[in-house]
1. Quick one: what does P(r) look like for the chain with 5 Å bins over all Cα pairs, in whole %?
2. Per 0.36 nm of contour for each residue apart, how much would the distance between LEU39 and GLU14 grow if the chain were fully extended, relative to their Cα-Cα spacing?
3. Give the angle, between 0 and 90 degrees and rounded to the nearest 10, that separates the Cα long axis of helix 44-90 from the longest principal axis of the Cα atoms of the chain.
4. Roughly how tilted is helix 19-41, in degrees to the nearest 10 and between 0 and 90, from the longest Cα axis of the chain?
5. What order do you get for 38-48, 24-34 when each peptide is scored by the mean count of other beta carbon atoms within 10 Å, highest first?
6. Given labels modelled 7 Å from the Cα in the Cβ direction, how far is it in nm from PHE6 to LEU84?
7. Which FRET efficiency value, to the nearest 0.05, do you get for GLN91 and TYR68 by plugging their Cβ-Cβ distance into 1/(1 + (r/R0)^6) with R0 = 41 Å?
8. As a check on your grasp of the helix formula, calculate [θ] at 222 nm for the chain: sum -39500 (n - 2.57) over DSSP H runs of n ≥ 4, divide by the residue count, round to the nearest 500.
Amino acid sequence: MEDKRFTLFGTDLEKIPCFKRTFTVSIYTGLAVGLGHLLFTSKVKRSTDLAMLSFTVTTLGYWIYCRYNWSKEYATIEKLNKNLHGVMITQGVKPP
């Protein structure tokens, strides 16, 4: 059985940090805003427009927020790895 990946232009989207979480949150937000507005006003076009707007704004905002936090965490991990490697060299322990 083949392991099918979700790819776009040859890029495996599952390997992009924050991709799945960002689109999950954005889709649910768009649905909630669109359906909520439709239930209160019964205006289909306006509800669809608000759903797409909220999806787009949530996607961009959450993507920027998530990637910023991921970058900070990645930089911290790299700094710790560099310091740990330096300690291993100074104390005579062979790196793996």
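The values are calculated or read from the model by the stated rules, or taken from the named source; none is laboratory data. Everything quoted here is computed from the prediction, not taken from an experiment. Using ideal geometry, Cβ is built from the backbone for each residue, glycine included, and neighbour counts are taken over all protein chains shown. Please note that ligands, DNA and RNA were not included when accessible areas were found on the heavy atoms of the full protein model with its side chains. Shrake-Rupley method; radii C 1.70, N 1.55, O 1.52, S 1.80 Å.
1. The distribution over the chain is 2, 12, 12, 12, 12, 11, 11, 9, 6, 4, 3, 2, 2, 1, 0, given as percents.
2. Details: separation 25, 0.36 × 25 = 9.00 nm, distance 3.48 nm.
Extra length from LEU39 to GLU14 when fully extended: 5.5 nm.
3. Helix 44-90 sits roughly 10 degrees off the main axis of the chain.
4. Here the helix axis deviates by roughly 20 degrees.
5. Working: 38-48: 11.8, 24-34: 16.2.
Top of the packing list down: 24-34, 38-48.
6. A separation of 3.1 nm, rounded to one decimal place.
7. Numbers: r = 35 Å, r/R0 = 0.86.
E(calc), rounded to 0.05, equals 0.70.
8. Working: 2 runs with 70 residues, N = 96.
After summing the helix terms and dividing by residue count, I get -26500 deg cm²/dmol.
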